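Student: Right, I'll just put the structure down here and ask away after.
The values are calculated or read from the model by the stated rules, or taken from the named source; none is laboratory data. All figures in this text were calculated on a predicted structure; none of them were measured in a lab. Here the Cβ positions follow ideal geometry from the backbone for every residue, glycine too, while neighbour counts run over all protein chains shown.
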Amino acid sequence: MRNMRVSDASEVMTKSSPYSVAETVARFNEVVAAKDMKVFAVINHSDEAHEAGLDLPETKVIIFGNPEAGTPVMGAAPLVALELPLKVLIWEDEGRTRVSYTAPGALAERYGLSPDLARMLEGIEPLTDAVIFYSTYDRNGVSSSW
């Protein structure tokens, strides 16, 4: 993986996807929809870079969530709204597809969330696992705290 500079490496989780960036994004959107969650935006950094005449490997950020989960968290800790809805970076890294996101525990610690509120953010773990590890049939059966 390219050189990373993160204040604490445990703050960012990165998983490898066996699929292309485009397929990983499609699978992510499919799993989010199956979980009755909402994709608020997909930011295509690489396309924007190319339009500006710059080179950037495929790099997409998906902003997603569930207001039923995020609203109580933001109500208790308003500054967490800087982090919500949740974001997943799906990117090409030296020919491999990576899926990265801020660790739920890091968010909980950063904003002083109670254990109950912290659990509202933990669904990102099985969600990303469903995207990269399971077939279409299996992904629909993966439970989530959202």
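Student: Part of a helix (DSSP H, G or I), among the hydroxyl-bearing types (Ser, Thr, Tyr), touching a helix residue (DSSP H, G or I) at 6+ places or on another chain (Cβ under 9 Å) and under 28 Å from Tyr111 (Cα atoms), is that true of Ser46?
Tutor: Taking the combined requirement at face value, the residue does not satisfy it.
Student: Looking at region 5-28, which of its residues are closer than 19 Å to Gly123 by Cβ and either in a strand (DSSP E or B) or modelled with pLDDT of 95 or more (or both)?
Tutor: Matches in region 5-28: Val12, Met13, Thr14, Lys15, Ser17, Thr24, Val25, Arg27, Phe28.
Student: Return a yes/no flag: does region 72-80 have any residue that is small (Gly, Ala, Ser), surrounded by 14 or more Cβ atoms within 10 Å (Cβ to Cβ), in a helix (DSSP H, G or I) and free of Cβ contacts under 8 Å to residues at least 24 places away in the same chain.
Tutor: There is no residue in region 72-80 that is small (Gly, Ala, Ser), surrounded by 14 or more Cβ atoms within 10 Å (Cβ to Cβ), in a helix (DSSP H, G or I) and free of Cβ contacts under 8 Å to residues at least 24 places away in the same chain.
Student: Take the conditions basic (Lys, Arg), modelled with pLDDT of 95 or more and surrounded by fewer than 17 Cβ atoms within 10 Å (Cβ to Cβ) and apply them to Arg96. Does it pass?
Tutor: yes
Student: In addition: Restricted to region 99-138, and to residues that are free of Cβ contacts under 8 Å to residues at least 60 places away in the same chain and polar (S, T, N, Q), which residue is surrounded by the most Cβ atoms within 10 Å (Cβ to Cβ)?
Tutor: This residue is Ser114.
Student: Right, another one. So, in region 50-89, of the ones that are over 19 Å from the mean Cα position of the chain (by Cα) and of a type in the set (Asp, Glu), which residue ends up nearest to Ser16 (Cα to Cα)?
Tutor: Checking each candidate, the answer is Asp55.
Student: Give all pairs with beta carbons closer than 8 Å in which a residue from region 31-47 that is among the small types (Gly, Ala, Ser) meets a residue that is modelled with pLDDT of 95 or more and part of a loop (DSSP other than H, G, I, E, B); count only pairs at least 6 apart in sequence or on separate chains.
Tutor: Once the first residue is among the small types (Gly, Ala, Ser) and sits in region 31-47, its partners that are modelled with pLDDT of 95 or more and part of a loop (DSSP other than H, G, I, E, B) give Ser46/Leu56; Ser46/Pro57; Ser46/Glu58.
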